[in-house]
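Quick notes on the structure that follows.
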Amino acid sequence: MADGRVVRCFEEVSLDLELVTIAGPVATRSVTCVILPGEGDEFLLGSDALKSLGIIVQDQLDQLVGASLLEVEEDEFPVGYGLSEAEEQVRVAPDFGQLVANVVVNGLPTPHVAAVQAILGIPARMLTQVTLT
């Protein structure tokens, strides 16, 4: 057993199993199952049965261990790598005045500029060039 105990089994049965997985039902035929003493209607699948379903337990465990190693690893090229500080500021804080000016040129009535400012939370100082035109 998993806890190190030895359990002798004297009976076995051959079953056709249908397992419901997240990917859908999977059927397997003639799976030999040993009958363990105990209560309940649960059963355990051994590595042979799991392999027949395409599940290799050791590979799954290796992936779990590998995932923790990837989480610790730092990104070699973090977001913004290679950008100068000025380019980074432009990327993070666009020129809202110019954006709203473009919208006005494309048909937004000038009286609605204040509503756009309020909706987007743009400080008035960033829109002065738009409201003056």
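When you look at VAL6, is it at pLDDT 80 or above and surrounded by 10 or more Cβ atoms within 10 Å (Cβ to Cβ), yes or no?
Details: at pLDDT 80 or above: yes; surrounded by 10 or more Cβ atoms within 10 Å (Cβ to Cβ): no.
Taking the combined requirement at face value, the residue does not satisfy it.
Between a residue in the stretch 1-24 that is within 17 Å of LYS51 (Cα to Cα) and in the same structural domain as GLU42 (by TED's automatic domain parsing) and any residue that is surrounded by 10 or more Cβ atoms within 10 Å (Cβ to Cβ) and of a type in the set (Gly, Ala, Ser), which pairs come within a Cβ distance under 9 Å, given they are 6 or more apart or on different chains?
LEU17/ALA49
The values are calculated or read from the model by the stated rules, or taken from the named source; none is laboratory data. If you're wondering where the values come from, they're calculated on a predicted model, not measured in any experiment. Quick reminder, even Gly has a Cβ in these numbers, built from the backbone with ideal geometry, and neighbours come from all protein chains shown.
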